[in-house]
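Please read the structure below before turning to the comments.
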Amino acid sequence: MRPNVRLTLLLFASIVPAVVWAQLTGSVQLGGHGAQEKDNPARASEYATTQSGPDSAVSLQYTGQGFYLGLDSLALSSERQDHALTIELGRLVRSHTTFSKLPHRLVHDSLANLAGAIADVKIVYATDMDPRARYGIRYDQFANHTDIQIPGASWLTISTDFREQWRQGHVQALSTSHCYSCHIVSQSRALDHHTKDAGLSATVTLGNWSVKASASTRDAREREGAPLRLYERAQHPALRTPLFDDRVTYDERNGPLPFNWYPTQEKDTYKLTVANVNFGGFSFLLSGTTSELTNTHTGNKVDYDGVSLTLARKLSPKARLAVYLRTYSFESTDYFYDSPEPAAVAGPYAGKTYRQRYGFDPDYLRQSALDRDVTEGIVRLTYRLGKLTTLTGQYQARQVDRANYQVAPDETTTLEQKVKLNLATRPVTGLHLQAFLTYADISHPFMALNAACNPDPLQTTPAPSPLAPGSVQYYQIHDARVADLTASPSRFWEARASASYQLGGASMANLSVSFWDGDNDDLDLTNWSKTVQAVTASVTWQPSEAIQTHAGASYGKRETETFVCIPLMDG
Amino acid sequence: MKNTAQFRTLFAAGTWKPYESLELQGEVGYTRASEMMGQILFNVSEEILAKLHDSNYDLSEAHTYSNLDSKRWDVNLSARARLAKGIHGVVSYNLVKYDDVTPYLADLSGRLDVFQVGLRWTL
Amino acid sequence: MRLNPQAVLLTLAVAGAAWAAGTPSAELACAGCHEQAVDGFAANVHGRLAPFEIPDGQTGCSSCHGDVIKHQETGDPASVYRFGRDREADTQVCLRCHGRGAKAAYTATVHAEETACSTCHTIHTQKQASSACSTCHADVQAQTLAPSHHPLREGTMTCASCHDVHSARPGALAVDGRPNDLCVSCHAEKEGPYIFQHEPVEEDCTICHQPHGSVADNLLVANEPFLCLQCHEFHFHAGLEARPEAPTFTVGGRQYPNVMGAHGYQRSFATKCTQCHTQIHGSDLPSQGISSRGRSLTR
């Protein structure tokens with residue numbers, strides 16, 4: 001090595017550690033851990049590593065002339081890590097990168113309940129192909145956000161965003177084959193789901209105004225193939241003959257078929273945001289977003305367009321007004337489902353399809369339940385009753401007009417209105433009280449129309465049978481249902497109160513109580529109701545500099561009442 | 001039909017620095033959670049049932065199949081001692097014990113013990 | 001002259017350290033009285049800001065506190081802006097820089113009514129995790145301790161993973177689209193868009209899921225089958241009692257133990273709907289029975 005090269009290297013090797021050493025702060029922890037698990041890990045180790053070995057926790061900050069490097073790193077094992085790296089180059093380039101690994105252990109359903117037979121005719125049973133399998137996914141995520149801002153053009157900030165998420169592991173995949181018997185099969189399914197988001201944005205700032213335009217794209221795909229199942233031959237359960245070939249769209253004659261399959265997804269999003277923190281006394285934020293989501297396998301698309309406006313201003317020294325308005329819509333491509341229609345191979349209707357036999361048309365145009373126009377808004381007025389007391393009143397409304405889904409006969413629109421009151425006060429030194437009260441009225445909340453209860457459960461056929469002309473078919477039982485059902489309220493009350501009292505120093509007592517009571521008596525035949533109550537109390541006590549204690553308790557209860565219906569059918 | 005879910009949580013934590021160079025921490029949490037369905041009332045007349053080929057309907061125990069009841073203990077004990085200027089020794093023990101009192105399709109009872117030691121160097 | 005590498009090394013080390021330590025700034029003068037605030041300032045992003053990032057180009061203590069030189073000369077506390085006396089005014093100081101973007105909406109939020117920026121953010125020292133949310137949302141914090149929960153108690157998620165307290169959106173959700181978009185950012189496989197839909201999935205994830213924590217698995221607001229029975233009737237086999245109660249049953253000539261006895265059918269059909277209706281979030285693959293038009297979400 002030439003002397004000048006050696007000297008250069010020596011200089012570099014001397015300066016860098018010296019410079020770094022002078023401005024390096026933080027801590028480094030090195031150690032190890034031993035983990036021992038027992039029995040089922042799905043709850044006790046749900047998000048924890050169960051691997052033993054060395055571990056490290058590093059938090060380092062280096063600040064040089066115009067250069068900053070911050071590293072926070074936790075490495076417990078190969079399945080549990082959190083790393084964050086911040087790099088700043090003269091504040092011209094500001095980059096924050098994170099990488100994390102998180103295990104999520106999942107429940108292995110034993111399927112032990114799936115065993116039953118009626119006279120060796122109607123049979124349900126299960127087969128677990130991997131009874132000792134442990135299921136779980138590891139979430140790995142890499143993300144980076146970088147801002148670039150140049151002094152000569154500081155009104156412009158260019159930003160990039162990148163995120164990559166992997167969900168890898170094994171999950172329990174179940175499939176059901178029926179008619180001959182109900183046979184549920186469990187298989188271990190390898191999962192390798194991958195989501196990649198990339199975005200670019202430009203922010204222009206002029207005075208109080210800022211305009212941000214951004215574009216992003218997402219690609220989500222599953223790299224493992226779907227599991228396969230040989231669906232069993234459809235047979236009449238009692239006669240064990242192939243009378244039901246016309247009732248299933250596939251069986252063993254189609255060979256092994258995929259199930260539990262995820263499509264590849266692509267999504268492009270464009271967004272424009274205009275902001276001004278003081279626009280004629282208003283803080284102002286206007287945002288518009290448009291996106292297109294595509295299922296690349298089926299070609300199904302969903303278009304989203306949304307605009308929101310946020311305004312706030314002080315009306316007087318004691319009063320403040322805030323307004324939020326948003327409107328958005330979804331529009332999806334329709335899909336025509338052209339059902340396979342096999343013909344029966346035996347019995348009195350051999351050679352005929354289910355349509356030819358019963359007049360049932362299985363084909364239909366699927367129009368998305370997602371398609372809708374939504375308008376929502378919040379108007380909030382806050383008034384300062386005293387120096388330490390504020391009263392806030394809020395009116396919130398949301399109208400959802402669905403294109404293809406009815407929430408009552410010939411009704412596709414839900415209107416939800418909420419009135420909220422909030423009182424916050426500090427009546428004496430150290431005491432902070434808050435009380436919230438909400439009343440909501442929802443006309444035509446989301447529901448399942450004609451979801452249950454056939455008023456004439458037996459129809460008129462005395463001996464339903466696939467061999468009997470005119471016998472009752474299950475789709476006819478379905479079509480005759482009359483009761484609307486829901487899990488959503490048509491009105492509810494919510495009350496919440498919290499109190500915190502500073503006992504002195506760092507000692508504090510907190511109490512929080514909440515109550516929610518909602519029901520839906522707008523249903524045609526039934527009622528639905530729910531109450532939720534919760535109370536939490538905690539005390540933080542610091543009797544001295546050397547001792548700090550914290551203790552608490554919470555209790556929560558939810559009661560839901562609904563009408564339950566069961567169809568009666570010989571089948 | 002009614003469905004009731006309840007949970008109760010008790011937790012306590014403390015930090016004690018008996019000496020400037022030693023800090024002890026402890027946390028204990030206990031959660032009991034349960035959910036149960038109310039009795040399903042099957043009120044179809046015998047006259048209608050008599051017309052069915054399979055008339056032996058019985059939902060008297062169905063509400064018990066999906067009951068949930070569990071207890072969970074979380075314990076964390078740790079100590080940090082200054083061994084020299086800028087150097088600390090760290091020891092911790094972590095326990096999660098989950099007791100599936102009423103298993104639902106899988107007994108989720110399990111336990112995880114983690115013991116950790118380390119040296120922390122503060123720059 | 002022969003160069004002594006060790007001397008060079010030592011010299012350069014000292015010189016490098018001196019160079020890296022930087023030049024004294026106005027903050028050093030402030031440190032004379034406000035040592036604690038200034039000491040950690042370099043570890044906070046505010047201590048590293050460049051003039052071109054700030055509207056009036058003023059960095060350091062003056063950036064937020066105003067004319068510190070006058071304060072240093074007179075010692076009069078009134079000559080600088082002091083935080084902690086008027087929350088709204090404090091917020092406006094922060095918004096001079098942070099209001100240039102989506103945080104301009106902060107004053108329109110519920111949080112701005114009762115919360116100062118410094119309630120959650122460290123201004124002078126290194127960024128630290130804040131648990132300020134639980135002060136007002138203790139009921140929500142308690143839910144995160146339920147058996148089924150997102151990994152908040154394990155520290156890998158925080159409230160801010162899903163909520164943006166600077167946003168005026170309903171629920172302060174950290175998403176521009178509708179609430180479901182937040183869920184599918186991590187659970188993309190649930191989004192489809194699928195041919196065979198489950199309508200409540202398209203409507204709102206929270207009809208079936210309680211994201212803050214639940215007693216039932218998978219963050220379900222109630223365990224199956226009750227969850228499903230709110231909107232659906234039982235399967236038509238769910239109530240049938242097995243008769244006769246034989247010790248075994250036969251499938252394809254093979255005998256299976258009838259472990260559930262008379263209750264085998266009820267157990268099978270009244271315990272967990274998603275054992276068969278597995279693709280409850282939607283599917284592109286049709287279910288087997290023709291009479292459901294492929295929509296049973298079993299495949």
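The values are calculated or read from the model by the stated rules, or taken from the named source; none is laboratory data. All values reported here derive from a predicted model rather than from experimental measurement. Neighbour counts are summed over all protein chains in view; Cβ atoms, including those assigned to glycine, are modelled from backbone coordinates with ideal geometry. Just so you know, the surface numbers come from the protein's heavy atoms only, side chains and all, with ligands and any DNA or RNA stripped out. Shrake-Rupley method; radii C 1.70, N 1.55, O 1.52, S 1.80 Å.
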Inset, instruction - All but one of (1) over 20 Å from A:Ser110 (Cβ atoms); (2) within 8 Å of chain A (Cβ to nearest Cβ); (3) outside any strand (DSSP E or B); (4) open to solvent by less than 50 Å² (accessible area, probe 1.4 Å) hold for B:His53, so report the exception by its number. - result: (4)
Inset, instruction - List the number of the failed condition for C:Phe269; all other conditions in (1) under 26 Å from A:Ala483 (Cβ atoms); (2) touching a residue at least 60 places away in the same chain (Cβ under 8 Å); (3) crowded, with 21+ Cβ neighbours inside 10 Å hold. - result: (2)
Inset, instruction - Return only the number of the condition from (1) at the interface with chain C (Cβ under 8 Å from one of its Cβ atoms); (2) over 19 Å from C:Ala188 (Cβ atoms); (3) at pLDDT below 95 that A:His297 does not satisfy. - result: (2)
Legend entry - Residue match in the stretch A:381-403 (condition: open to solvent by 60 Å² or more (accessible area, probe 1.4 Å), more than 11 Å from chain C (Cβ to nearest Cβ) and acidic (Asp, Glu)): no
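Here is a yes/no grid of residues against (1) part of a helix (DSSP H, G or I); (2) within 28 Å of B:Ser34 (Cα to Cα); (3) open to solvent by less than 30 Å² (accessible area, probe 1.4 Å):
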residue	(1), (2), (3)
C:Gln141	yes, yes, no
C:Ala146	no, yes, yes
C:Pro151	no, yes, yes
C:Ser167	no, no, yes
C:Glu189	yes, no, yes
Legend entry - Residue list for the stretch C:201-231, filter: over 23 Å from the mean Cα position of the chain (by Cα), facing chain A (nearest Cβ under 8 Å) and in contact (Cβ under 8 Å) with a residue 12 or more places away in the chain: C:Leu227, C:Cys231
Inset, instruction - Would you check if there is a residue in the stretch A:417-429 being at pLDDT 95 or above and within 30 Å of C:Glu191 (Cα to Cα)? - result: yes
Legend entry - Given (1) part of a loop (DSSP other than H, G, I, E, B); (2) touching a residue at least 60 places away in the same chain (Cβ under 8 Å), index of the condition C:Gly177 fails: (2)
Inset, instruction - Filter the stretch A:101-118 down to the residues that are at the interface with another protein chain (Cβ under 7 Å from one of its Cβ atoms) and of a type outside the set (A, V, I, L, M), then identify the one that is farthest from the chain's Cα centre (by Cα). - result: A:Gly116
Inset, instruction - Within the stretch A:359-377, track down each residue that is open to solvent by 30 Å² or more (accessible area, probe 1.4 Å) and either assigned to a strand (DSSP E or B) or within 7 Å of chain C (Cβ to nearest Cβ) (or both). - result: A:Tyr364, A:Leu365, A:Asp373, A:Thr375
Inset, instruction - Looking only at the stretch A:347-355, decide whether some residue is surrounded by 15 or more Cβ atoms within 10 Å (Cβ to Cβ) and assigned to a strand (DSSP E or B). - result: yes
Inset, instruction - Test B:Asp69 against the criterion of being more than 9 Å from chain A (Cβ to nearest Cβ), at pLDDT 95 or above and open to solvent by less than 40 Å² (accessible area, probe 1.4 Å), and give yes or no. - result: yes
Inset, instruction - Would you mention how many residues in the stretch A:524-551 are touching a residue at least 40 places away in the same chain (Cβ under 8 Å) and open to solvent by less than 30 Å² (accessible area, probe 1.4 Å)? - result: 2
Inset, instruction - Exactly one condition in (1) outside any strand (DSSP E or B); (2) surrounded by 18 or more Cβ atoms within 10 Å (Cβ to Cβ); (3) more than 9 Å from chain B (Cβ to nearest Cβ) is not met by A:Thr49; state its number. - result: (3)
Legend entry - Residue count for the stretch A:198-218, restricted to those that are part of a strand (DSSP E or B) and open to solvent by 30 Å² or more (accessible area, probe 1.4 Å): 14
Inset, instruction - Name every residue in the stretch B:1-34 that is at the interface with chain A (Cβ under 7 Å from one of its Cβ atoms), within 25 Å of A:Val539 (Cα to Cα) and among the β-branched types (Val, Ile, Thr), in order of residue number. - result: B:Thr9, B:Thr15
Inset, instruction - Working only within the stretch B:100-113, note down all residues that are touching a Leu at 6+ places or on another chain (Cβ under 8 Å), within 7 Å of chain A (Cβ to nearest Cβ) and surrounded by 20 or more Cβ atoms within 10 Å (Cβ to Cβ). - result: B:Leu105, B:Leu112
Legend entry - Filter result (in a helix (DSSP H, G or I) and either facing another protein chain (nearest Cβ under 7 Å) or within 15 Å of C:Pro244 (Cα to Cα) (or both)) within the stretch C:258-270: C:Gly261, C:Ala262, C:His263, C:Gly264, C:Tyr265, C:Gln266, C:Arg267, C:Ser268
Legend entry - Verdict on A:Glu88 being assigned to a strand (DSSP E or B) and facing another protein chain (nearest Cβ under 8 Å): yes
Inset, instruction - Among residues belonging to the stretch A:510-523 that are without any contact (Cβ under 8 Å) to a residue 60 or more places away in the chain and within 11 Å of chain C (Cβ to nearest Cβ), point out the one that is surrounded by the fewest Cβ atoms within 10 Å (Cβ to Cβ). - result: A:Phe515
Legend entry - Those residues of the stretch A:52-72 which are among the hydrophobic types (A, V, I, L, M, F, W, C) and either open to solvent by 50 Å² or more (accessible area, probe 1.4 Å) or under 19 Å from C:Thr125 (Cα atoms) (or both), in sequence order: A:Val58, A:Leu60, A:Phe67, A:Leu69, A:Leu71
Inset, instruction - Give me a count of the residues in the stretch A:235-274 that are open to solvent by less than 30 Å² (accessible area, probe 1.4 Å), facing chain C (nearest Cβ under 10 Å), more than 37 Å from the chain's Cα centre (by Cα) and of a type outside the set (Asp, Glu). - result: 1
Inset, instruction - Being within 11 Å of chain C (Cβ to nearest Cβ) and touching a residue at least 40 places away in the same chain (Cβ under 8 Å) is the filter; apply it to the stretch A:139-153 and report the residue that is nearest to A:Thr98 (Cα to Cα). - result: A:Gln141
Inset, instruction - Return the total of residues in the stretch A:142-165 being touching a Phe, Trp or Tyr at 6+ places or on another chain (Cβ under 9 Å) and either open to solvent by 50 Å² or more (accessible area, probe 1.4 Å) or hydroxyl-bearing (Ser, Thr, Tyr) (or both). - result: 8
Inset, instruction - Mind listing whichever residues of the stretch C:246-261 are surrounded by fewer than 20 Cβ atoms within 10 Å (Cβ to Cβ), hydrophobic (A, V, I, L, M, F, W, C) and in contact (Cβ under 8 Å) with a residue 12 or more places away in the chain? - result: C:Ala246
Inset, instruction - Could you list, in sequence order, all residues of the stretch C:100-121 that are within 8 Å of chain A (Cβ to nearest Cβ), open to solvent by 30 Å² or more (accessible area, probe 1.4 Å) and outside any helix (DSSP H, G or I)? - result: C:Arg100, C:Val110
Inset, instruction - Scan the stretch C:271-299 for residues that are part of a helix (DSSP H, G or I), among the small types (Gly, Ala, Ser) and facing another protein chain (nearest Cβ under 7 Å) and jot them down. - result: C:Ser291
